[in-house]
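K.L.:
Following this message is one structure expressed as structure tokens.
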Amino acid sequence: MNLESRSAAKTKSWTVSERMAAVRQKNTRPEIALATELAKLRRVMRRHDASLPGTPDIIFPRARLAVFVHGCFWHRHCGCRRATSPRSNAAFWAAKFQANVRRDDRKARKLRTVGWSVFVVWECQIEKDPSRQARRISAALRRRGAVHDKSARPTSRARA
Ligand SMILES: [Zn+2]
């Protein structure tokens, strides 16, 4: 698969909404692979909850942990060889990538402001070992659970 040349070739004909769709695709292959592994660990999750800032890909309401599955190219996985930069329309792509990264930061900040933890998993990590990523999230959930038990927060507030 040559994402770089394919994306560059399509640049001129893409509408804004098509480009946005490419950035925020739901149920991507890595996302499904991760959700499947989390289900094997018997983790109860919800997908694409639009009531939360940024509509996280996977959420764990009780632990208030939000997971984003990021494509390495669109979301600029630092140091990853998939985060290539197309040579044609370089300025367009630079602005596009910067906007994506800023949007990701904004979403994470908003979620943290309302008491959620944010966990980012990259597509290359999932493709390499989906069950390892699921175990990392599971460990984060255990830590979050411990924090919440200590604070003895009324459970009725969690679903506000
Ligand atoms: Zn990557």
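The values are calculated or read from the model by the stated rules, or taken from the named source; none is laboratory data. From a predicted model like this one, the values you see are computed outputs, not experimental measurements. Cβ: placed from backbone, ideal geometry, glycine included. Neighbour counts: every protein chain shown.
K.L.:
Where in region 51-127 are there strands (runs of 3 or more DSSP E), lying wholly inside it, with at least 3 residues that are of a type in the set (Val, Ile, Thr), surrounded by 14 or more Cβ atoms within 10 Å (Cβ to Cβ) and modelled with pLDDT of 95 or more?
P.N.:
Here the list reads 117-122.
K.L.:
Another question about this same structure. Being more than 16 Å from the ligand (Cβ to nearest atom) and free of Cβ contacts under 8 Å to residues at least 60 places away in the same chain is the filter here; which residues of region 119-146 pass it?
P.N.:
Selection gives 139, 142, 143, 146.
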